[in-house]
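> Got a structure for you, written out below as structure tokens; questions coming shortly.
Every number in this text was worked out from the coordinates using simple rules, so none of it is lab data. What you see is a predicted model; the values in this text were computed from it and never measured.
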Amino acid sequence: MAAPAPSKTPVARPAYRTEARKPAEHRISPVTFTLLTSAPAVLALVALRPR
């Protein structure tokens, strides 16, 4: 049994959609994290050092 010949007319294809991007996770920069964690300690050392 022979397969039917392919159609010569264009076939409608589904619209191309890019993959939905993941929502950006809010991550703090390592530099910002370092400054936020070390600045209070430095300020405390300056404020509490013996005079």
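> Subtract the Cα-Cα distance of ALA41 and VAL11 from 0.36 nm times their separation in residues, and report this length gain in nm to one decimal. Working shown, then result.
Details: separation 30, 0.36 × 30 = 10.80 nm, distance 6.81 nm.
Extra length available between ALA41 and VAL11 comes to 4.0 nm.
> Could you tell me the extents of the chain's C-alpha atoms along the three principal axes, largest first, rounded to whole Å?
100, 21, 11
> Before rounding to the nearest 500, sum -39500 (n - 2.57) across all DSSP H runs of length at least 4 in the chain and divide by the residue total; then give [θ] at 222 nm in deg cm²/dmol. Numbers along the way, then the final one.
Details: 1 runs with 19 residues, N = 51.
It lands at -12500 deg cm²/dmol.
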